[in-house]
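Heads up: the structure comes next, in C-alpha cells.
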Amino acid sequence: MDQSKCQSCGMAMSKGFFGTNSDGLDNKDYCKFCYKKGQFTEPNLTMNQMIESSTDHMVTHLLYPHVKAKDIAKKTIPTLKRWKYSALEQAKTGQQPTQPAQSNLNQQKPAEKLR
C-alpha cells in the first residue's frame, strides 16, 4: 500500500487521505485536512501553531504523553516541505518568522521553489 507523510502536519497518509489540487486530483504531498482544492486549509498558520496543533492531536487522539508528543512534533514539523523555509529562516536569524512558510515560498522565483 502506498503510504506517505503529509508535508504540512506529518500525518501518515494513504488513499482517501490525500489533499486535492485545484483540478480535483489527489495531491500526495498534503493530507485532506491541510490542503483542499489547491490551497492550504489554514493559510496563515505558523510553524509553531502547527507544532502545538500536532502535539494536541497526539495527546488527545493518540494518547501520547504531552512531553513525548511535543518532542515528536518539534523534531518532525520543521523538516516538512511546508515548513522547511520557515525553519531555515528561524535558524539563521534566531527569531520566529512572521509569516508562514507557504507565503514566503510564494515570494521566491519559480526556479527556487523546485529545490
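Figures for the structure shown
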{"quantity": "Length added when fully stretched, M11-K28, from 0.36 nm per residue minus Cα-Cα", "calculated": "4.9 nm"}
{"quantity": "Fully extended contour minus Cα-Cα distance, from K36 to L62, at 0.36 nm per residue", "calculated": "6.9 nm"}
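Readers should treat all values here as calculations from the given coordinates under stated rules, not as data from a laboratory. This structure is a prediction, so every number in the text was calculated from the model and none was measured.
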